[in-house]
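The values are calculated or read from the model by the stated rules, or taken from the named source; none is laboratory data. Every value quoted in this text rests on a predicted model; they were computed, and no experiment measured them. Counting neighbours? That spans all protein chains shown, and the Cβs are built from the backbone with ideal geometry, glycine included.
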Amino acid sequence: MTPERTRWVAAALALTALASYALLRYFAPDRLAPIKPQAARQDNEIRGVEMRVYDKTGAPNLVLISPRIVSPRRGDEYLIETPLFDVLSEGGARWKGEARVGRLDIGADRLWLEDDVRIVGRRETRPTTTITGERIEFRMTERLVVSDEAVTLAQAQGQISGVGLRADLKNDRVVLQNDVEGVYVTQKRKS
């Protein structure tokens with residue numbers, strides 16, 4: 001090949017490369033913005049939970065069951081889906097509680113129950129007692145249930161409603177504090 005022809009081939013190759021580069025740049029998608037790293041998820045999720053809490057002597061204080069618990073990475077508060085708990089009193093009564101939502105603060109040793117709260121106490125020698133309300137706090141160490149809101153206390157003989165509750169599950173003692181009203185049905189005596 002002659003030197004003149006070599007220059008023409010080199011020029012044609014250079015023009016072809018330049019045209020190819022121009023076409024690639026023209027049809028290339030727009031530059032994407034750099035990907036920003038997303039903040040790390042700040043919570044942990046635990047499924048199928050059965051948690052047991054013991055008092056200082058090693059006796060069981062509380063059994064808590066939930067299908068799902070969510071907690072922040074740092075902190076002592078846990079959000080609990082449909083919590084169920086079971087507490088045994090010193091007199092042998094068994095108190096079982098449930099709600100749609102719960103919030104457990106390990107640092108404060110408290111469980112807040114919200115939305116359709118129901119606590120049922122059973123003992124062989126006494127009728128079943130049912131406490132219902134919308135927001136109730138359970139202090140685990142003391143086995144104490146408290147509320148400043150409207151609650152209802154029901155047994156087979158009737159029911160009592162009031163505002164404010166203090167239920168000592170350890171000693172099977174329930175007190176309604178204000179605006180107490182009740183209905184009591186007497187049982188017929190056998191003649």
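Quick notes on this structure:
- Some residue of segment 68-78 being of a type outside the set (Lys, Arg) and closer than 12 Å to residue 138 by Cα: no
- Output for segment 132-191, where each listed residue is more than 23 Å from the chain's Cα centre (by Cα), in a strand (DSSP E or B), of a type in the set (D, E, K, R) and surrounded by fewer than 14 Cβ atoms within 10 Å (Cβ to Cβ): 166, 173, 179, 181
- Of everything listed in (1) out of contact with any strand residue (DSSP E or B) (no Cβ under 7 Å at 6 or more places or on another chain); (2) closer than 19 Å to residue 165 by Cα, the single unmet condition for residue 124 is (2).
- Segment 125-137, subset of a type outside the set (Ser, Thr, Tyr) and modelled with pLDDT of 90 or more, residue nearest to residue 93 (Cα to Cα): 131
- Odd one out for residue 49 among (1) more than 24 Å from residue 131 (Cα to Cα); (2) within 10 Å of the chain's Cα centre (by Cα): (2)
- Single match in 148, 179 (criterion: on the phi > 0 side of the Ramachandran plot and either in contact (Cβ under 8 Å) with a residue 60 or more places away in the chain or charged (D, E, K, R) (or both)): 179
- The set of residues in segment 117-145 being hydrophobic (A, V, I, L, M, F, W, C) and under 22 Å from residue 59 (Cβ atoms) consists of 119, 120, 138, 140, 144, 145.
- If you check 107, 92 for being out of contact with any Leu (no Cβ under 6 Å at 6 or more places or on another chain), at positive phi and either in a loop (DSSP other than H, G, I, E, B) or modelled with pLDDT under 85 (or both), only one passes: 92.
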